[in-house]
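Report on the following structure.
The values are calculated or read from the model by the stated rules, or taken from the named source; none is laboratory data. Because the structure is a prediction, the values reported are computed rather than measured. We place every Cβ from the backbone using ideal geometry, glycine too, and count neighbours over all the protein chains shown.
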Amino acid sequence: MSWHPVPDAAALARALTAPASAVPVRVAGIPLVLTRGDDGTLRALSNECPHQGATVCRAAEHGVASLECPNHYWVFDLTGTFQGSRLALDRGRTAPPDPAENLREHPCRETAGFIEVQLQER
Ligand code: FES
C-alpha cells in the first residue's frame with residue numbers, strides 16, 4: 001500500500017501546529033480530516049460519518065476536544081472514537097465501545113514538513 005502526499009501540506013502542518021486541531025482535506029479523492037490531539041499526535045481519519053455518510057468536519061477547527069457530525073450530532077473524539085450522540089451526551093450518557101461507529105483511521109506520517117497518508121481499503 002503506497003503513501004499519498006497530502007496537498008498543500010505546509011499550510012496544513014501550520015494549521016495543525018496547535019493541539020486540539022482538526023482540518024478537512026481530500027487525499028486521492030478521499031475525504032479525510034487530519035487531527036492533532038492534546039498529545040500532539042497527528043491522525044488521518046475518515047471524514048465520512050459512519051452513521052449515514054455525512055461530512056463530519058467541514059472547516060478547520062482549533063481548540064476542540066471533539067468533532068460533531070452536523071446531521072444527527074454523533075460526537076467523536078480527535079482519535080475518531082465515537083462518544084455518543086450529542087443528545088445522549090448532554091444527558092450524561094456515553095455510548096458503549098463499538099469500532100464500527102468510529103471514524104476510520106488511516107496511517108499517516110509527517111516528515112520534513114510533508115504529511116503523507118496510507119489509504120486503507122474499506
Ligand atoms: S450522518 Fe452523522 S450522525 Fe447521522
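The table for this structure:
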| read-out | value |
| --- | --- |
| Residue in the range 89-99 that is within 13 Å of the ligand (Cβ to nearest atom) and without any contact (Cβ under 8 Å) to a residue 40 or more places away in the chain present | yes |
| Residues satisfying the stated conditions in the range 34-74, i.e. within 7 Å of the ligand (Cβ to nearest atom) and surrounded by fewer than 17 Cβ atoms within 10 Å (Cβ to Cβ) | 51, 52, 53, 54, 71, 72, 73 |
| From the options 109, 104, 43, residue that is touching a residue at least 40 places away in the same chain (Cβ under 8 Å), in contact with a Phe, Trp or Tyr (Cβ under 9 Å, 6 or more places away or on another chain), within 27 Å of residue 2 (Cα to Cα) and of a type in the set (Lys, Arg) | 109 |
| The range 40-57: number of residues that are of a type outside the set (Ser, Thr, Tyr) and farther than 15 Å from residue 103 by Cα | 1 |
| So residue 79, is it of a type in the set (Val, Ile, Thr), in contact with a Gly (Cβ under 9 Å, 6 or more places away or on another chain), surrounded by fewer than 19 Cβ atoms within 10 Å (Cβ to Cβ) and in contact (Cβ under 8 Å) with a residue 12 or more places away in the chain | yes |
| Filter pass, residue 103 being surrounded by 14 or more Cβ atoms within 10 Å (Cβ to Cβ), at negative phi, away from the ligand (no atom under 12 Å from the Cβ) and not small (Gly, Ala, Ser) | no |
| Test: residue in the range 61-69 that is at pLDDT below 95, in contact with a Ser or Thr (Cβ under 6 Å, 6 or more places away or on another chain) and more than 20 Å from residue 101 (Cβ to Cβ) | yes |
| Check on residue 84, within 29 Å of residue 17 (Cα to Cα) and within 16 Å of the ligand (Cβ to nearest atom) | yes |
